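I have placed the structure first, in the form of structure tokens, so that the comments after it can refer back to it.
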Protein chains: 2
Amino acid sequence: MQLEELKNKFEQFLKQKGHKITRGRFGIIDKIASYGTHFEIEELVRWISNQDKSVASRSTVYRTVRLLQEFGAIREVIKLGNRTIYEFVAGKPHHEHLICVECGTIIEFYKEEIEELQDKVCEEHDFTPVNHRLEIFGLCSACKERRHENRGLEATA
Amino acid sequence: MQLEELKNKFEQFLKQKGHKITRGRFGIIDKIASYGTHFEIEELVRWISNQDKSVASRSTVYRTVRLLQEFGAIREVIKLGNRTIYEFVAGKPHHEHLICVECGTIIEFYKEEIEELQDKVCEEHDFTPVNHRLEIFGLCSACKERRHENRGLEATA
DNA sequence: CCTCCTGTTGCAAATGATATTCAGTTAGCG
DNA sequence: CGCTAACTGAATATCATTTGCAACAGGAGG
């Protein structure tokens with residue numbers, strides 16, 4: 001299981017930084033892994049506290065998410081209004097997101113050409129990219145359908 | 001001056017929504033226009049309150065920025081940590097941003113091909129895009145230089 | 001194993017950005 | 001004009017996130 005490998009690497013990371021290997025930190029990783037890819041911190045806090053309060057407190061979750069971000073296991077992938085949606089990367093290949101503003105559905109995609117064009121743009125501006133985020137907001141097919149139906153009803157009213 | 005045109009259109013917009021044409025709202029537009037393209041709301045609030053407190057209060061600035069966003073004259077273009085950077089669009093053509101994480105410099109760019117590829121991706125997923133945001137975080141040329149210098153000194157130490 | 005030092009945890013309180021409530025004010029229809 | 005609905009400012013609430021602090025627990029060295 002590659003989750004174990006990730007934990008080992010995280011252990012290295014912590015040691016290098018002079019941090020300790022604690023029950024809470026690794027418990028949080030397990031919870032994140034079993035939650036699903038996309039999550040918001042408050043959501044995760046609630047989920048953890050419902051499942052097993054002994055894993056970690058709100059503060060520890062926030063602090064650990066920060067560490068995991070530094071480590072690179074987690075990425076801030078969507079920023080919508082005052083919400084921040086994270087994703088457990090865990091060796092998953094890089095990708096971008098389509099976000100349905102109606103129902104919140106998230107679709108992942110990857111387009112090699114877009115990545116290449118970005119590199120080209122950076123070169124042109126003598127800019128050294130560290131990371132990037134492409135968010136496309138809109139309507140998923142289901143919500144588009146739903147809107148059409150509603151429009152129809154309104155039109156007859 | 002196209003600012004006047006924008007104001008006229010905004011006036012239409014307000015009327016359609018049953019909103020009123022007030023001194024504050026238009027004063028804020030002037031301040032935003034004279035501030036420069038990129039701004040954060042708190043920054044704008046301070047700027048306005050330094051220049052002329054009678055223009056509008058913090059609440060009105062927040063409320064008006066929201067309206068201007070709905071109207072489409074303002075866009076949330078960069079979300080970094082807990083900061084939100086807005087941009088006064090005012091008929092400017094669409095573009096994306098390179099953001100220097102060291103000094104905060106913002107570079108605008110536009111790549112037709114990237115836009116086209118995004119449309120293609122949306123089609124492939126039967127997704128109807130409404131808007132999008134591409135943020136590339138990294139180091140501008142000046143900051144890259146500076147880092148190299150520092151690395152040099154550290155190496156000799 | 002025990003001990004000690006340092007980093008960690010949980011809680012509660014602090015922050016910071018943004019939203020809202022409410023009482024007084026104003027736009028603008030009729 | 002006069003009235004009503006919308007607007008405004010100030011203070012207050014909210015929401016996510018951070019921090020201070022006292023109690024606690026890794027883990028290196030004995």
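The values are calculated or read from the model by the stated rules, or taken from the named source; none is laboratory data. Just so you know, these numbers come straight off a predicted model, no measurement behind them. Cβ sites come from the backbone with ideal geometry, for glycine too, and all protein chains shown count toward neighbours.
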Here is a list: A:Arg58, A:Arg46, A:Arg66, A:Arg25. Which entry is surrounded by fewer than 15 Cβ atoms within 10 Å (Cβ to Cβ), touching a Ser or Thr at 6+ places or on another chain (Cβ under 9 Å) and of a type in the set (D, E, K, R)? A:Arg58
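Can you go through B:Arg83, B:Arg63, B:Arg58, B:Arg46 and tell me which one is away from DNA strand D (no atom under 11 Å from the Cβ), without any contact (Cβ under 8 Å) to a residue 24 or more places away in the chain and either in contact with a helix residue (DSSP H, G or I) (Cβ under 7 Å, 6 or more places away or on another chain) or outside the structural domain of B:Arg146 (by TED's automatic domain parsing) (or both)? Spell out how you get there, then give the answer.
Numbers: B:Arg83 fails: without any contact (Cβ under 8 Å) to a residue 24 or more places away in the chain; B:Arg63 fails: away from DNA strand D (no atom under 11 Å from the Cβ); B:Arg58 fails: away from DNA strand D (no atom under 11 Å from the Cβ).
From the options B:Arg83, B:Arg63, B:Arg58, B:Arg46, the qualifying one is B:Arg46.
What number of residues within the stretch A:18-43 satisfy the criterion of being away from DNA strand D (no atom under 12 Å from the Cβ) and basic (Lys, Arg)?
Restricting attention to the stretch A:18-43, the residues satisfying the condition of being away from DNA strand D (no atom under 12 Å from the Cβ) are A:28-38.
Imposing the further condition that a residue be basic (Lys, Arg) reduces the set to A:31.
Number of matching residues: 1.
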When you scan the stretch A:138-146, do you find a residue that is touching a Leu at 6+ places or on another chain (Cβ under 8 Å), without any contact (Cβ under 8 Å) to a residue 12 or more places away in the chain and either of a type in the set (Gly, Ala, Ser) or surrounded by 15 or more Cβ atoms within 10 Å (Cβ to Cβ) (or both), even just one? no
Going through (1) over 11 Å from the mean Cα position of the chain (by Cα); (2) assigned to a strand (DSSP E or B) one by one, A:Lys79 fails only at (1)
Among (1) modelled with pLDDT of 95 or more; (2) closer than 28 Å to B:Thr105 by Cβ; (3) within 13 Å of chain B (Cβ to nearest Cβ), where does A:Leu80 come up short? (1)
Pairs with Cβ under 7 Å, 6+ apart, first in the stretch A:19-37 and modelled with pLDDT under 95, second of a type in the set (Asp, Glu): A:Thr37/A:Glu87
Residue that is farthest from A:Tyr110 (Cα to Cα), among those in the stretch B:126-152 that are within 7 Å of another protein chain (Cβ to nearest Cβ) and aliphatic (A, V, I, L, M): B:Leu139
Would you call A:Leu44 more than 13 Å from chain B (Cβ to nearest Cβ) and within 11 Å of DNA strand C (Cβ to nearest atom)? no
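Of B:Glu123, B:Glu115, B:Glu108, which residue is more than 7 Å from chain A (Cβ to nearest Cβ), at pLDDT 95 or above and not in a helix (DSSP H, G or I)?
Numbers: B:Glu123 fails: not in a helix (DSSP H, G or I); B:Glu115 fails: not in a helix (DSSP H, G or I).
Every option except B:Glu108 fails the conditions.
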The condition from (1) facing another protein chain (nearest Cβ under 9 Å); (2) buried (at least 16 other Cβ atoms within 10 Å of the Cβ); (3) of a type in the set (Ser, Thr, Tyr) that A:Tyr86 misses is numbered (1)
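Residues in the stretch B:66-80 that are more than 14 Å from DNA strand D (Cβ to nearest atom) and either of a type in the set (Asp, Glu) or not assigned by TED's automatic domain parsing to the domain that holds B:Gly18 (or both): how many? Talk me through it step by step, then tell me what you get.
Kept after step one, since they are more than 14 Å from DNA strand D (Cβ to nearest atom), are these residues of the stretch B:66-80: B:69, B:72-78.
Retained after the next criterion (residues that are either of a type in the set (Asp, Glu) or not assigned by TED's automatic domain parsing to the domain that holds B:Gly18 (or both)): B:76.
Summing the residues that are more than 14 Å from DNA strand D (Cβ to nearest atom) and either of a type in the set (Asp, Glu) or not assigned by TED's automatic domain parsing to the domain that holds B:Gly18 (or both) in the stretch B:66-80 gives 1.
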Would you be able to tell me the number of residues in the stretch A:89-105 that are more than 8 Å from chain B (Cβ to nearest Cβ), part of a loop (DSSP other than H, G, I, E, B) and either under 20 Å from B:Glu116 (Cβ atoms) or of a type in the set (Val, Ile, Thr) (or both)? 3
Could you check the stretch B:1-13 and list, in sequence order, the residues that are under 15 Å from B:Arg66 (Cβ atoms) and surrounded by fewer than 17 Cβ atoms within 10 Å (Cβ to Cβ)? B:Phe13
